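The values are calculated or read from the model by the stated rules, or taken from the named source; none is laboratory data. These figures come from a predicted structure and were not determined experimentally. Note that each Cβ is placed from the backbone with ideal geometry, even for glycine, and that neighbours are counted across all protein chains shown.
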Amino acid sequence: MVVIAVLIAVLVIGIVYAVGLYNGLVALRQRVRQAWANIDVLLKQRHDELPKLIEACKRYMQYEQETLERVMRARGAVQAARSGSDVGALGAAEQELRSGIGRLFALVENYPQLKADESFRSLQTRITGLEESIADRRELYNEQVQINNTRIEQFPAVLIARRYGFGPAQLLQFAAEEKGDVDVGATFGR
């Protein structure tokens, strides 16, 4: 009788432990999804602000069409990557967009009337704030991905992860150029 009670107790403890592991993996997956959703909200907000910025610039920057078009093409690439939840493509598209925005803001120095335009200054401040928020959220997202990916490879969670399809999430990485030192001279066209 005692042996049966011990076996039942071990079985119950094993089931409770497995359920706890499963629920922990579900929670990790949800945290990764939430972190991605937070980035996505900011990308959408920036996506909506960029056409306004381009329109404000067009009034003053007649000779900088290439830069304006580059920003809009990059904006489209970011939107396509967002829509497809393609984290890899998003990293490359983000690099191109950030480069274009940086170049655009650098060129503004040549247009004092544009710099003085209240609408432009407001949009510039808003977009700069969104860029900083995106960088912060990217860090949080990558942290959650790292925790998730580590956990699904650890024993005994790996047994449940494999059995129930908990796969690794992809880090949001940007090109190597973004990680290096900034070439201020190149940014300002010198």
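Can we say Leu130 is modelled with pLDDT of 90 or more and either surrounded by 12 or more Cβ atoms within 10 Å (Cβ to Cβ) or closer than 30 Å to Cys57 by Cβ (or both)? Give the derivation first.
Numbers: modelled with pLDDT of 90 or more: yes; either surrounded by 12 or more Cβ atoms within 10 Å (Cβ to Cβ) or closer than 30 Å to Cys57 by Cβ (or both): yes.
Answer is yes for this residue.
Among the residues of segment 100-121, is there at least one that is among the hydroxyl-bearing types (Ser, Thr, Tyr) and free of Cβ contacts under 8 Å to residues at least 24 places away in the same chain? Please lay out each step first, then the result.
From segment 100-121, those among the hydroxyl-bearing types (Ser, Thr, Tyr) are 111, 119; that's our starting set.
Okay, now just the ones that are also free of Cβ contacts under 8 Å to residues at least 24 places away in the same chain, so none.
No: zero hits.
I want to confirm something. Restricting to segment 70-93 and keeping residues that are crowded, with 18+ Cβ neighbours inside 10 Å and closer than 15 Å to Glu49 by Cα, which single residue is nearest to the chain's Cα centre (by Cα)?
Result: Val78.
Against the condition in contact with a Gly (Cβ under 6 Å, 6 or more places away or on another chain) and in contact (Cβ under 8 Å) with a residue 40 or more places away in the chain, how does Gln173 come out, does it pass?
Details: in contact with a Gly (Cβ under 6 Å, 6 or more places away or on another chain): yes; in contact (Cβ under 8 Å) with a residue 40 or more places away in the chain: yes.
Yes.
Rundown of residues vs (1) at pLDDT below 85; (2) among the acidic types (Asp, Glu); (3) closer than 26 Å to Gly167 by Cα; (4) part of a helix (DSSP H, G or I), yes/no style:
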{"residue": "Leu25", "(1), (2), (3), (4)": "no, no, yes, yes"}
{"residue": "Asp40", "(1), (2), (3), (4)": "no, yes, yes, yes"}
{"residue": "Leu50", "(1), (2), (3), (4)": "no, no, no, yes"}
{"residue": "Ile54", "(1), (2), (3), (4)": "no, no, no, yes"}
{"residue": "Tyr63", "(1), (2), (3), (4)": "yes, no, no, no"}
{"residue": "Glu66", "(1), (2), (3), (4)": "yes, yes, no, yes"}
{"residue": "Ser85", "(1), (2), (3), (4)": "yes, no, yes, no"}
{"residue": "Arg98", "(1), (2), (3), (4)": "no, no, no, yes"}
{"residue": "Lys115", "(1), (2), (3), (4)": "yes, no, no, yes"}
